[in-house]
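Just so you know, all these numbers are worked out from the coordinates, no wet-lab data involved. Nothing here was measured: the structure is a model prediction, and the numbers come from that model. Virtual Cβ from ideal backbone geometry, glycine too; neighbours counted across all protein chains shown.
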Amino acid sequence: MTTNQPPCVVTDSTADIPSEVARRLDITVIPCQIHMHGRTYLDGVDISRQELFAHMRRGEMFTTSQPPVGVFAEAYRRALAARRQVVAIHLGAAFSGLHSTACVAARDVDPERITVVDSQQVSMCLGWLAVQAAEMAQQGALPGDILTHVRGMIPRLRLFALIDDLRFLYHGGRVGAISAMVGQLLAIKPVVQVRQGRVDVVAKVRSLSRGLDYLRQAAEGLGALERLAILHADASALALELGTRLAGLVPPGQWFTTEAGAIISAHAGPGAVGFACALRA
């Protein structure tokens with residue numbers, strides 16, 4: 001990819017970027033699909049986060065799927081109509097076939113002008129890559145420099161989440177039925193970490209309060225942070241408390257709180273809270 005013009009930045013709704021941030025930075029967000037009660041919704045378009053959480057609180061399950069290849073292709077064509085190059089940063093290939101579909105679309109549209117990056121991440125860790133790329137583009141950075149910076153940022157990304165309801169991890173295939181049942185009976189709440197394409201349970205706590213303590217200790221143990229996003233799935237009070245505990249770990253203006261989208265909420269369930277951060281280089 002060689003050009004003397006900043007690129008257009010494209011991502012997907014698994015990035016959980018707040019809509020106002022995406023608009024300000026001119027990030028194109030391709031919506032994933034939500035399937036519930038025989039209907040298909042576009043994530044963040046046809047159904048709000050609040051509506052989705054309300055269904056989940058009633059115990060209603062849903063599934064998600066990647067956009068069709070044609071949707072990626074159309075988004076890339078529109079982006080190329082505005083800019084000469086596209087940097088597309090999508091959900092990690094280890095989590096879904098979405099990345100492969102994006103690569104197929106890029107090859108079909110114009111492989112010389114579209115570069116698809118495997119973020120190895122999800123939610124606002126993916127979001128931070130898109131935000132970084134878009135900020136650099138607005139400052140006039142060229143595609144090659146943006147790609148070098150973004151790829152170098154991937155190993156410095158961490159996501160931690162405290163899970164309140166194990167039913168959704170079971171429904172999503174992340175834990176077995178027996179583990180979910182025992183966990184619910186014993187009020188066990190796992191803490192998971194996402195790092196470079198892996199999802200690992202790093203702790204099991206017996207209360208939300210202890211879970212927040214663990215998240216604070218985990219964040220402090222990472223060292224200096226460059227960016228921070230507090231994430232929650234219909235758990236604004238917990239997010240506020242976690243944000244209060246972690247705000248001092250990051251430079252002013254480099255953190256915010258946002259709701260988790262459909263993809264992460266489908267697995268984490270309502271009541272989940274966590275953070276996505278980039279370690280300082």
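Computed values, structure above
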read-out: Considering only the chain, percent of DSSP beta bridges that pair antiparallel, nearest 5; value: 65
read-out: Contact order relative to length of the chain, as percent, for alpha carbon pairs under 8 angstrom and 6 or more apart; value: 22
read-out: Rounded tilt (10° steps) of 123-138 against the dominant C-alpha axis of the chain; value: 30
read-out: Amide hydrogen neighbours beyond the local backbone of THR257, cut-off 5 Å, H modeled; value: ILE230
read-out: LEU240 paired with ALA82, simple spin-label distance in nm, labels 7 Å along Cα-to-beta-carbon; value: 3.5
read-out: Listed peptides 110-117, 154-161 by packing density, highest first (mean Cβ within 10 Å); value: 154-161, 110-117
read-out: Among 91-97, 32-38, the order from most to least packed when residues are scored by Cβ within 10 Å on average; value: 91-97, 32-38
read-out: Residue-span extension gain [SER207 to VAL21] - 0.36 nm each, minus C-alpha spacing; value: 63.6 nm
read-out: Degrees separating the helix 208-221 axis from the principal Cα axis of the chain, which is the longest one; value: 40
read-out: Angle in degrees between helix 69-82 and the longest Cα principal axis of the chain, rounded to the nearest 10; value: 50
read-out: Anisotropy class of segment 8-153 from Cα gyration tensor, a/c 1.5 cut; value: prolate
read-out: Among (i) 19.3, 58; (ii) 18.0, 56; (iii) 18.4, 60, the entry that matches Rg and Dmax of the Cα atoms in Å as calculated here; value: (iii)
